[in-house]
Amino acid sequence: MLRALTGTLRFPRPWRPLETRGCSSNPGAAGQEIQVCALAGPDRGIAEILMNRPSARNALGNVFVSQLLEALAQLREDQQVRVLIFRSGVKGVFCAGADLKEREQMSETEVGVFVQRLRGLMTEIAAFPAPTIAAVDGFALGGGLELALACDLRVAASSAVMGLIETTRGLLPGAGGTQRLPRCLGVALAKELIFTGRRLSGAQAQALGLVNHAVAQNEEGNAAYHRARALAQEILPQAPIAVRLSKVAIDRGIEVDIASGMAIEGICYAQNIPTRDRLEGMAAFREKRLPRFVGE
């Protein structure tokens, strides 16, 4: 069993720095609901996916989902990306969930196909090799919260509104919510939140452990984004291969018994031993200086 499991592990490839990109398109460009940015200067290595569909409060429609998948595919191949932040360009909303107006026009078969695409999107987010952070500065309902749950870390404005509200619409979470929320909060609490369709503020979500940090909202409406960026800046200086392998060990190990999990950790550790960064970390400790990790 362990051989079959570890045989499917995807380990980070050797680090190959690429040239820093700016935004791939201008916010508000016609037909462009997703923008990809790579930050420069001291934030080099932080990438952002900006969700910008104001007409539908960033609802998960066909075009929106397609562009998200394209953005993830583009960033997955960029070995310079050390942290990925999901943020909104629409004030007061992170993602309002599935586009129900669009879904009303679909047949039952088309609905099934589309929901399967949503599950695939969330799987791609969860499997992204570098750490991911959701900056929730407003409403994150239904599929919007499922998107945030697929990220490794979540930061919310204290005034944000979050919930898996599908049962209030005659539905159930269909893009990973029934699986990721129990893993995040425990079975009983996840059942309560899903059965009732309850909405939580960012502060309540932090108290339950749904988000890592909750911060007071500012006048610009982007306080969670600034906290997410500060969190990304804490991750940025660390050895990128070790961080990525830590993510593999945690994500795969949490799904199996502890003996198998320890074996997965051992495999990941062995992958890290030959890296230049490990030797650099040891040298920096010995010489009492900050390490200079290059991702090799």
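The values are calculated or read from the model by the stated rules, or taken from the named source; none is laboratory data. Since the model is a prediction, treat every value here as computed from it, not as a measurement. When we count neighbours, we look across all protein chains shown, and the Cβ atoms used for this are built from the backbone with ideal geometry, even at glycine. These accessible areas exclude ligands, DNA and RNA; they are computed on the full protein's heavy atoms, side chains included. Shrake-Rupley method; radii C 1.70, N 1.55, O 1.52, S 1.80 Å.
Criterion applied to A230, A205, A216 was being modelled with pLDDT of 95 or more and either over 19 Å from the mean Cα position of the chain (by Cα) or farther than 26 Å from V90 by Cα (or both), and the one residue passing it is A216.
Being touching a Gly at 6+ places or on another chain (Cβ under 6 Å), open to solvent by 30 Å² or more (accessible area, probe 1.4 Å), at pLDDT 95 or above and among the β-branched types (V, I, T) is a property that T167 has.
Here Q32 fits the description: of a type in the set (S, T, N, Q), at negative phi, touching a Ser or Thr at 6+ places or on another chain (Cβ under 6 Å) and at pLDDT below 90. Regarding A134, is this residue assigned by the TED database to the domain that holds R44 and either under 22 Å from G163 (Cα atoms) or touching a Pro at 6+ places or on another chain (Cβ under 8 Å) (or both)? Here the answer is yes, as A134 does meet what is asked. Taking region 113-165 as the range and being free of Cβ contacts under 8 Å to residues at least 60 places away in the same chain, farther than 19 Å from Q233 by Cβ and not hydrophobic (A, V, I, L, M, F, W, C) as the test, the residues that pass are Q116, R117, R119, G120, T123, E124, G142, E146, S158, S159, G163. At pLDDT below 95, farther than 27 Å from L118 by Cα and either more than 18 Å from the chain's Cα centre (by Cα) or in the same structural domain as G266 (by the TED database) (or both): is that true of L9 in this structure? No: the conditions fail for L9. Within region 51-88, the only residue that satisfies the criterion of being among the acidic types (D, E) and open to solvent by less than 30 Å² (accessible area, probe 1.4 Å) is D78.
Scanning region 147-164 for residues that are open to solvent by 10 Å² or more (accessible area, probe 1.4 Å) and out of contact with any Phe, Trp or Tyr (no Cβ under 9 Å at 6 or more places or on another chain) yields L149, L153, R154, S158, S159.
Restricting region 170-196 to residues that are free of Cβ contacts under 8 Å to residues at least 60 places away in the same chain and either touching a Lys or Arg at 6+ places or on another chain (Cβ under 8 Å) or of a type in the set (S, T, N, Q) (or both), the residue that is most open to solvent (accessible area, probe 1.4 Å) is Q179. Where helices (runs of 4 or more DSSP H) sit wholly within region 200-277, those with at least 3 residues that are free of Cβ contacts under 8 Å to residues at least 60 places away in the same chain and in contact with a helix residue (DSSP H, G or I) (Cβ under 7 Å, 6 or more places away or on another chain) occupy 240-253, 258-272. When restricted to residues that are in contact with a Leu (Cβ under 6 Å, 6 or more places away or on another chain) and of a type in the set (S, T, N, Q), region 58-75 contains 0.
Working only within region 278-296, note down all residues that are open to solvent by 30 Å² or more (accessible area, probe 1.4 Å) and either out of contact with any helix residue (DSSP H, G or I) (no Cβ under 7 Å at 6 or more places or on another chain) or without any contact (Cβ under 8 Å) to a residue 24 or more places away in the chain (or both). It would help to see each step written out before you state the result.
Here is the first cut: in region 278-296, the ones open to solvent by 30 Å² or more (accessible area, probe 1.4 Å) are 278-280, 282, 285-294, 296.
Result: L279, E280, M282, F285, R286, E287, K288, R289, R292.
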